[in-house]
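The values are calculated or read from the model by the stated rules, or taken from the named source; none is laboratory data. Note that the structure is a prediction, hence the values are computed from the model and not measured. Cβ sites come from the backbone with ideal geometry, for glycine too, and all protein chains shown count toward neighbours.
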Amino acid sequence: MDLLERALAASQGALPMYHLTCQLASLTPPPPEIQQLFAALRGNQAEIDRFHGIMVGTVPIQEFYAPENVQRIIDTARQPETLFKVRHAETTLAPVA
């Protein structure tokens, strides 16, 4: 692989983060499907950690935002035992002084 090929490969790898950064920097609300994803993340610490991982490069953006992964997160949030955990956590939080 020559230098040009390496540079192209590196820039292609950085493109998803560039697009995500541009979307976040626009300060516009995310699209409805991303808002639904963010709502589904609530109370799901493992997936919240993975979301933070996309920001630091430990989780590939394409992997996290893959349609089947997004649907899995949303489906998990809709399960009755998950809803109970989130509601229970909301009622047991201590007030901030």
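Of note:
- Residues satisfying the stated conditions in the range 1-41, i.e. farther than 15 Å from Y65 by Cβ, within 20 Å of the chain's Cα centre (by Cα), at pLDDT 80 or above and in a helix (DSSP H, G or I): A14, A25, A39
- Close pairs (6 angstrom Cβ cut-off, 6 or more residues apart or separate chains): in contact (Cβ under 8 Å) with a residue 24 or more places away in the chain in the range 30-55, part of a helix (DSSP H, G or I) and of a type outside the set (A, V, I, L, M, F, W, C) anywhere: L41/E47; G43/K85
- Qualifying positions in the range 42-58 - in a loop (DSSP other than H, G, I, E, B) and farther than 15 Å from Y18 by Cα: R42, G43, N44, T58
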